[in-house]
Amino acid sequence: MLEVQEIDVYYGAIHALKKLSISVEEGSIVTLIGANGAGKTTTLKTISGLLRPRSGSIKFKNQELTNVPPEKIVGLGICHVPEGRRVFPSMTVMENLEMGAYLRKDKKQIAKDLETVFARFPRLKERQKQLAGTLSGGEQQMLAIGRALMANPQLLLMDEPSMGLAPLLVKEIFEIIKDINARGTTILLVEQNANMALSIADKAYVIETGEIVLQGTAQELMNSEQVKKAYLGG
Amino acid sequence: MQEFLQQMVNGLSLGAIYALIALGYTMVYGIIMLINFAHGDIMMVGAYIGFFAVAVLGTNIFVAMALAMVTCAVLGVVIEKVAYKPLRNSTRIAALITAIGVSLFLEYTTIFFLTPNQRVYPAEAFPVTNYHVMGLTLSSKDIFVFVSAVVLMIILQYIIKRTKTGKAMRAVSLDKEAAMLMGINVDKTISITFAIGSALAAAAGVMMGIYYNSINPLMGIIPGLKAFVAAVLGGIGIVPGAMVGGFVMGILETLVSGYGSSLYRDAVAFGVLIIILLIKPTGLFGKNTGEKV
Ligand SMILES: Nc1ncnc2c1ncn2[C@@H]1O[C@H](COP(=O)(O)OP(=O)(O)OP(=O)(O)O)[C@@H](O)[C@H]1O
Ligand SMILES: [Mg+2]
């Protein structure tokens, strides 16, 4: 579904991604794990068009994305839940969700999807008139995910959805990711919480300083000594 | 007391004009963090278009205002595309200097083509009647200016609060990257913001023509400055703040010229601004309660 081939991404002189390739099969959960500054966020931003690779290609359902502006990429069915949630703080929960459906015109289906999001996150329904900036961290993460679901994406890019959340909430978020996937959305998940990510993923990549250093099924990586040592706490 | 109320009434129409101009400053600042110093000059262009519509085309004042608004909306969008957009990723001081350049360009292009002389809004453009209500004198000019400004502000609030475009404007002003990830076209949204802000300035320009009777190519400078101050007073980037700030400036100015001397009115107005900002540097509407556009 998504083929990232040998992309090179720079921030000025900084070579942030080096000939990075990953592929995501339709219906799967693929995770990209790595330490701080490895290039995980950069990878997702490049897929969603916020950054441009200097070379290489990104194909989504065989369409080249590297020249498509970010707002069009959303229209193609890729939605990105950014690192740090990035909800619109002085807009209400409801308005944030409406922004998720910004490109859609099918009012009836939007209303249905809103019901689905509210069913999944009853908290958001209770707080729909509240300003997003006044939500707790966990609620904001739910809003960020709900907002992305309002775009009805085929591929969901998630950047560290568990960041800063209490362990119980982390578990809940991962359950939700699994469930979203079970209902047909393909997921590319970036995480530092390798344990959790590998436990729900089908396939995994390990990234270090802009390069993929290891890849395989989630099971393989979980058993790999290298991964155990570096990312799973021994 | 009667005298005081009369001054307040006079201040309301002037304040409404300042508020309309201040809105454009604040909306543009909210979305691209630029103090658009050419904004007062866009108002001046609007005043001229209104003048020619009435004096040459012989339209009524509403049509004149609509023409001025549409033309200036286009002008605002062109200015943004040509002068500001290429500088979006450069330093803010570069953009600010460009804005001053655009301001001078508009002023002196107008002088070149239309001479520096003032022009008088034709009397038939707006027949003046005075009404006496409870001992207060209300001129039809003041009523027209106040009512049309308030109607425009209500429409603006509706657009910002309720429409998809308005919500997109708020989203872009809050977080451009996140807005792009929603599928919002940021460039288009910035253009719309310039269009709306410039249209409001044009309406204010036509109102200035009616209010002061005469217009000239440099008429945008001082009101532009005062409206900018009004925007800062209300909290730059905050829409309701610009409205309140505009009214505060207008009323203050008429009170000072009514009670003291019109020589001091600007000094006092700016003095009050300094005091308010010393007490509350983020402006009356602060950051915490405010809504940016
Ligand atoms: N805007 C930027 N300008 C310059 N360098 C940047 C910029 N953003 C990221 N980098 C650099 O690119 C590299 C990759 O950053 P990236 O944000 O992709 O890491 P990450 O894997 O997401 O890290 P984290 O887990 O901390 O979020 C880092 O060395 C970082 O310093
Ligand atoms: Mg990151």
Got at least one residue in region B:129-144 being under 21 Å from B:A22 (Cα atoms), away from chain A (no Cβ under 14 Å), surrounded by fewer than 20 Cβ atoms within 10 Å (Cβ to Cβ) and not basic (K, R)? yes
With the condition kept exactly as written, say whether any residue in region A:62-80 is within 16 Å of ligand 2 (Cβ to nearest atom), within 16 Å of the chain's Cα centre (by Cα) and over 30 Å from A:G216 (Cβ atoms). no
So, A:E64, is that one more than 16 Å from ligand 1 (Cβ to nearest atom) and modelled with pLDDT of 95 or more or not? yes
Among the residues of region A:209-225, is any buried (at least 20 other Cβ atoms within 10 Å of the Cβ), closer than 20 Å to A:L17 by Cα and outside the structural domain of A:L143 (by TED's automatic domain parsing)? yes
In the set A:K19, A:K105, A:K45, the lone residue that is surrounded by 22 or more Cβ atoms within 10 Å (Cβ to Cβ) and either part of a helix (DSSP H, G or I) or not acidic (D, E) (or both) is A:K45
With criteria (1) within 14 Å of the chain's Cα centre (by Cα); (2) crowded, with 24+ Cβ neighbours inside 10 Å, B:G235 comes up short on (1)
Exactly one condition in (1) part of a helix (DSSP H, G or I); (2) more than 16 Å from ligand 2 (Cβ to nearest atom); (3) not charged (D, E, K, R) is false for A:A144; which is it? (2)
What's the number of the condition A:I58 fails, among (1) in a loop (DSSP other than H, G, I, E, B); (2) farther than 26 Å from A:L135 by Cα? (1)
Answer yes if at least one residue in region B:260-270 is touching a strand residue (DSSP E or B) at 6+ places or on another chain (Cβ under 6 Å) and either among the β-branched types (V, I, T) or in a strand (DSSP E or B) (or both), and no otherwise. no
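Okay, residues lined up against (1) touching a Phe, Trp or Tyr at 6+ places or on another chain (Cβ under 8 Å); (2) surrounded by 17 or more Cβ atoms within 10 Å (Cβ to Cβ); (3) at pLDDT 95 or above:
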| residue | (1), (2), (3) |
| --- | --- |
| A:K112 | no, no, yes |
| A:V117 | no, yes, yes |
| A:Q130 | no, no, yes |
| A:G137 | no, no, no |
| A:G146 | yes, yes, yes |
| A:P153 | no, yes, yes |
| A:D159 | no, yes, yes |
| A:S162 | yes, yes, no |
Single residue of region A:14-44 satisfying the filter (within 14 Å of another protein chain (Cβ to nearest Cβ) and under 19 Å from A:E64 (Cα atoms)) that is farthest from ligand 1 (Cβ to nearest atom): A:L44
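Counting only residues that are assigned to a helix (DSSP H, G or I) and within 12 Å of chain B (Cβ to nearest Cβ), how many does region A:147-156 have?
Total meeting the criteria: 2.
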Screening A:V68, A:V81, A:V93 for residues that are within 14 Å of another protein chain (Cβ to nearest Cβ), out of contact with any His (no Cβ under 7 Å at 6 or more places or on another chain), among the β-branched types (V, I, T) and closer than 15 Å to B:D175 by Cβ leaves only A:V81
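The values are calculated or read from the model by the stated rules, or taken from the named source; none is laboratory data. Note that the structure is a prediction, hence the values are computed from the model and not measured. Because the Cβ atoms are built from the backbone with ideal geometry, glycine has one as well, and the counts that use them run over all protein chains shown.
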